[in-house]
Amino acid sequence: MYIYFLASQLVKARVEIIFSVFFLETRRMSDTERSLPALRRLSYALGHFLNDLCASMWFTYLLVFYHSVLGFANTYAGVLLLVGQIADGLCTPLIGYESDRTPGCGNYGKRKTWHLVGTLSVVLSFAFIFNQCLGCGPNTPQWASLTYFVPFIIIFQFGWAATQISHLSLIPELVTCEHAKVELTAYRYAFTVIANITVYAVAYLLFHVQAGEDEDVLGPADIPVFRNLALIVLGIGSLFSLFFHLGIKERRPGGAGEAGEEEEEGERRPLIPKTSLSPLLWKCWLKQPSFYQVALLYMSTRLIVNLSQTYISMYLINTLGLPKLYIATIPLVMYLSGFLSSFIMKPVTKLIGKSLTYFVGLLLIMAFSFWVLVDIRMGQQVYGAAVLLGAGSATILVISLSMTAELIADQTQSGAFVYGAMSFTDKVANGVAVMIIQSVHPCHTATCCPACVWFYHYIMVIVTGGVAAVAALTLCSILIWPIKIRPRGQPSVCEDTPRVN
């Protein structure tokens, strides 16, 4: 039955993507603002699928796996996540800088070259993270196991960052229209949701087939579940990455690139029009107020999305006392609601604007936070709360990414640096936040005490409602001072190019 449910959802996803292609193209674009053909849009969306699958496991199951399955202390589990986030945060801007300045491998394209390097790094390292360390036994010190996992986590995060930055940097290079950028971002997030649905559906099946002796409590007997889940994730993600590399041809600087290929209905998509602006150097971005506005908004968005995803499983098991199958079904409901909301993102944005759309997403997040705060004995109602959190998270994530693309605009030569800097704030903030939460955890052993009930209850409230308030304040600053490149220093380098928000 559950396989039929998953299959029906994926078929439905394909139908809705085809329908959305027709619906979202109702706006007539000028000759210099053509959108990509539907097949290439789908090919682009597949390029981050492996990353999304791995990120879903990383944020949802890392603490659960190391604390509840392998028996690591809360602090050690937090250290592993912190190491990963710091490694990702440091690699991201460096990769962004190198991606902007290096030509790539021959005619393959610099973005796709970095994407390939990142994909190979993820494939070679991720399976070791969700498995017991080789040669470890019951008497192995936890610090020794921690040392074993750190190198694999660093390699994985390097690969993840390289794939993410190169994939995001393709958006302003493939399309020029602002609404088309929102559309590509929405497609990207739609497949992010499909990836999460896949992970949670496979996890649900594995818990049924390979569950340990205790069907309700996680323990060492569940190691094969997480190991097999990681291997399945790598197999599916690698196949989708292959489709991306075959379906997307990167535009070569100064060359024909995609201009020499036929578009749909015999039309040709012209290259990104030449701009009268001089290239914006990476140093000049650091002098732009809008750069910090968007960075703070993106960081707040990622804190809400990632921390809620990280602690939802602990909240379900320790606070609500639900069976372990709920750590697959509740995230599945969250991402199904996010999947559905991602398809209406572009028309809603065109109707009320990006800022108001983001505010609507924040209202859904705050509604979830209030529900968790007042309903301390939530049972089946958790499904309704999950719908609010999933739809709100999808909305604010898509809009924050589209605001980043709006900030970059035609400055694509330094686009990877901007995405890298945004991701740096996200990774470091998430890692530090998790480490702080784990360090103040009331239990310092591998088993939880009654104090965990209230601990995870208030963590979910603060993570969602508290950070949403910070994001709302940042949004207000963007409404007062819209996103644009303001003149700083030499006018030839940083010219004024107002953006309509």
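The values are calculated or read from the model by the stated rules, or taken from the named source; none is laboratory data. None of these values were measured; they are calculated from a predicted model. Glycine also receives a Cβ, built like all others from the backbone with ideal geometry; neighbour counts cover every protein chain displayed. Ligands, DNA and RNA are stripped out before the accessible areas are found, and what is left, the full protein with its side chains, is counted by its heavy atoms. Shrake-Rupley method; radii C 1.70, N 1.55, O 1.52, S 1.80 Å.
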Where residues in the range 229-261 are more than 24 Å from Phe49 (Cβ to Cβ) and of a type in the set (A, V, I, L, M, F, W, C), which of them is modelled with the lowest pLDDT? Ala259
If you scan the range 356-382, which residues turn out to be of a type in the set (Phe, Trp, Tyr) and open to solvent by less than 40 Å² (accessible area, probe 1.4 Å)? Tyr358, Phe368
Could you list, in sequence order, all residues of the range 336-352 that are open to solvent by less than 20 Å² (accessible area, probe 1.4 Å) and not aliphatic (A, V, I, L, M)? Ser337, Gly338, Phe339, Ser341, Ser342, Lys346, Thr349
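Applying the selection to the range 371-383, what residues are within 17 Å of Gly465 (Cα to Cα) and not charged (D, E, K, R)?
Across the range 371-383, the qualifying residues are Trp371, Val372, Leu373, Val374, Ile376, Val382.
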Pair list, Cβ under 8 Å, 6 or more apart: the range 361-376 residue of a type outside the set (Asp, Glu), other residue at pLDDT below 90 and in a loop (DSSP other than H, G, I, E, B): Trp371/Met378; Trp371/Gln381; Val372/Met378
Looking only at helices (runs of 4 or more DSSP H) that lie completely in the range 94-189, which have at least 1 residues being open to solvent by 10 Å² or more (accessible area, probe 1.4 Å) and out of contact with any Asp or Glu (no Cβ under 9 Å at 6 or more places or on another chain)? 110-129, 142-169
Checking Ala385 against (1) open to solvent by 70 Å² or more (accessible area, probe 1.4 Å); (2) farther than 27 Å from Gln164 by Cα; (3) assigned to a helix (DSSP H, G or I), only one condition comes out false. Which one? (1)
Contacts under 8 angstrom Cβ, first residue in the range 303-325 being closer than 23 Å to Met422 by Cβ, partner part of a helix (DSSP H, G or I) and of a type in the set (D, E, K, R), 6 or more apart: Leu303/Asp426; Asn306/Asp426
Can you name the condition, by its number, that Tyr292 falls short on among (1) more than 16 Å from the chain's Cα centre (by Cα); (2) modelled with pLDDT of 85 or more; (3) within 22 Å of Gly392 (Cα to Cα)? (3)
Suppose the filter is of a type in the set (A, V, I, L, M, F, W, C), free of Cβ contacts under 8 Å to residues at least 60 places away in the same chain and open to solvent by 50 Å² or more (accessible area, probe 1.4 Å); does Ile330 pass it? no
Given the residues Leu234, Leu229, which is the only one that is open to solvent by 10 Å² or more (accessible area, probe 1.4 Å) and under 28 Å from Asn131 (Cα atoms)? Leu234
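Within the range 156-185, count every residue that is at pLDDT below 85 and under 30 Å from Phe130 (Cα atoms). Step through it out loud before you land on a result.
Here is the first cut: in the range 156-185, the ones at pLDDT below 85 are 165, 168-185.
Still in the list and also under 30 Å from Phe130 (Cα atoms): 165, 168-169, 185.
Counting residues in the range 156-185 that are at pLDDT below 85 and under 30 Å from Phe130 (Cα atoms) gives 4.
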